[in-house]
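A quick write-up on the structure given underneath.
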């Protein structure tokens, strides 16, 4: 029972990472129409920057998180302005953006390889709250609780931002039709910058937390998050933050339990089979509103 | 004889807005029928419903006696409907001739396999279609630009190529969505004359048009709608004098004289 | 002398890889040209690759190997199309990417057919003349397609699906044919790849190759069948050329930068028939202006 409970927590925490990353990934996909293969690199770089802040400056934990988020946001904005903006001014389709993001993926991943010396690094144990909050009845590491809390906070915050605030409707308007949005008085350039930064920061948060939680700071961190976050986006429905968060958590729990009780080899099989089932049965995702077809 | 097109209480709503509201009208065979109405009256929605890009929520649309309310666009095309678009939609990268050849897709008379294998029959048929396409370009006065990339042509020329493309399918009903938008009066009159010639050869035409002079000069009858409803129908000159139409176009305060001056 | 023969050996394999990548790029292109961004060529290639490898192991002759790989690719492509054609273009991109991930898991867990984690050795090196023959035939087929009614319909469909539908083009039919062709060519490419590497495993057909296919296609240009061929050649040769100038560590970065520059400065790819026509039109138009003036 204790094993069950602690594995549940494990799954929740890992799933929260996927969900968190997926929210960032889904945001640019749903609003800017970019299938961003470089999104995983934002997470890797956030962890690397966070690690640098911890090691070089001895920054406290909240500052490490902020450094990771800020760094990833900066990278995301740079990628957007260098790579995607020229396409946007030309009215190119999502294909061009995908190829551009693949190019950035290659560049940022190899640079991340240099930065970590082609190794997997980990955060010094003094740089984050490594203690157990509880040992009885279940061991509860503080980091797991923090990760779960962060997902809940970000998911609720983003959902409210996207559905209730004027910023959210401006983001959706720009995503739907930038010209009409501009006519409606929305400054689409700054909204795009904001969306890119927000998406980078959220994925970066997932990366920094993931770097601490899994003791893996390297480019493989981002690649793992990209695949799992992508699954969360598909299962959850890309236009809905709640769906992504819930799907991420479910996938995380499922993975941990399949690995624990069935077989490690079948772990990925379960995740992707679920993905396939959703694609076939409910392609619009948990909270999706059907596909968008225009005349 | 069944009318070429019949709408029976056709209704289409988007969200809470009813763009077409129980609209009924008949377009007689072998005539140019005008579809008029101020901006936002729902004209383009009607065109999209007829061509199958949108489907009615309720009501019925019949083309040449066949119910097409739930048909897909390519089935409706095969039944003899061809159309042009409000903002010209030619295909980027193709020459004027290639646009018209593409428009003859329904008349290809060749299986996909034969076309892939380039059988003698398929090649013969393709040559015939090219010749016909060239002839159609000639009819709209664009033969000299057959091998020119269509997107480099002027707006008015592109409109004419688009009409030739629609004619490529040998339609029984041609929908023209604002065929003279962005044209000068001389070019507009030319389009009007072309519609007359086509009509005299037996083609039925439904034309969405803003230009009242053109409607008066070239339409045999006209249907006027506002807010998705029919507000007048009949002979063009009478319809334009109709107080409801005057009100829809020029507001309540204007007198008939103002309206007529606008027509002239 | 050793140096020279080494050089030939390296280049020969580069040429062979360029040719196989051309097949993959053409398979990606035909679906792209019908309006869908899809990664499913990887799946077709995996099916063709494993079917081909198994048959080679059993000692079946090359014509049957390629025939079976093409058939396997076709079958799976029609299945994928039947299920995925309901989705819109954005979803298709995501769904086909998911399918690539799933394919890897499936192949990993079917060791009887695929060798599982250990992969399969393929005891036959692909003869160069066979590869050349297959590619030439494929290119001829694409040439014929380009000038067929399928080509006409797919060009219109890609630019404006609504216009195509109103012209009488059955969108589903054209897309189904596109997927079928993609499946056949992808399956053949997969078998050729397996014999070229003389080894395949579930990791052979994964994200790396998925992105390579798309990148090569877009790099070469996805508006004419010649584009994917050129793109595949350039994309295969690029790392080899880079090797000569750059330290190993910087190569990947340089590849990314080159890809990025091409996307920014040549977004429609190296081969763009529209640009050629525009260029041809420009002097003519200038001439007309002069006469009028």
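Scan the range C:121-138 residue by residue and report those that are touching a residue at least 24 places away in the same chain (Cβ under 8 Å) and more than 22 Å from residue C:57 (Cβ to Cβ).
C:132, C:135, C:138
Considering only the range B:175-185, I want to know if a residue exists there that is assigned to a loop (DSSP other than H, G, I, E, B), modelled with pLDDT of 95 or more, within 18 Å of the chain's Cα centre (by Cα) and surrounded by fewer than 21 Cβ atoms within 10 Å (Cβ to Cβ).
Checked the range B:175-185: no residue is assigned to a loop (DSSP other than H, G, I, E, B), modelled with pLDDT of 95 or more, within 18 Å of the chain's Cα centre (by Cα) and surrounded by fewer than 21 Cβ atoms within 10 Å (Cβ to Cβ).
Each row is one residue, and each column tells you yes or no for (1) more than 17 Å from residue A:44 (Cβ to Cβ); (2) surrounded by fewer than 24 Cβ atoms within 10 Å (Cβ to Cβ).
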| position | (1), (2) |
| --- | --- |
| A:166 | yes, yes |
| A:174 | yes, no |
| A:198 | yes, yes |
| A:222 | no, no |
| A:229 | no, no |
| A:250 | yes, yes |
| A:254 | yes, yes |
| A:261 | yes, yes |
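Just checking, which of A:47, A:67, A:52 is in a helix (DSSP H, G or I) and either within 14 Å of another protein chain (Cβ to nearest Cβ) or crowded, with 24+ Cβ neighbours inside 10 Å (or both)?
A:47
Which one of A:115, A:103 is within 14 Å of chain C (Cβ to nearest Cβ) and buried (at least 20 other Cβ atoms within 10 Å of the Cβ)?
A:103
Conditions: (1) modelled with pLDDT under 90; (2) part of a helix (DSSP H, G or I); (3) touching a strand residue (DSSP E or B) at 6+ places or on another chain (Cβ under 9 Å). Residue A:145 meets all but one. Number of the miss?
(1)
Could you check the range B:223-252 and list, in sequence order, the residues that are in a loop (DSSP other than H, G, I, E, B) and free of Cβ contacts under 8 Å to residues at least 60 places away in the same chain?
Selection gives B:235, B:242, B:251, B:252.
State which residue pairs qualify: first residue at positive phi and inside the range B:149-170, second residue assigned to a helix (DSSP H, G or I) and modelled with pLDDT of 95 or more in any location, beta carbons under 8 Å apart, and separation of 6 or more residues or different chains.
That search, which allows pairs on different chains as well, returns B:170/B:106; B:170/B:107.
Which one of the conditions (1) without any contact (Cβ under 8 Å) to a residue 40 or more places away in the chain; (2) over 15 Å from residue C:134 (Cα atoms); (3) touching a helix residue (DSSP H, G or I) at 6+ places or on another chain (Cβ under 9 Å) does residue C:6 fail to meet, given that it meets all the rest?
(3)
Specify which of the listed residues (B:65, B:59, B:93) is crowded, with 19+ Cβ neighbours inside 10 Å and either touching a helix residue (DSSP H, G or I) at 6+ places or on another chain (Cβ under 9 Å) or more than 24 Å from residue B:155 (Cβ to Cβ) (or both).
B:93
Say we look at the range C:198-239 and pick out the residues that are within 14 Å of chain A (Cβ to nearest Cβ) and more than 15 Å from the chain's Cα centre (by Cα); which of these is farthest from residue C:110 (Cα to Cα)?
It comes out as C:238.
The values are calculated or read from the model by the stated rules, or taken from the named source; none is laboratory data. Here the structure is a predicted model, which means the values were calculated and not measured. For neighbour counting, all protein chains shown are included, and Cβ atoms are generated from backbone atoms with ideal geometry for every residue, glycine included.
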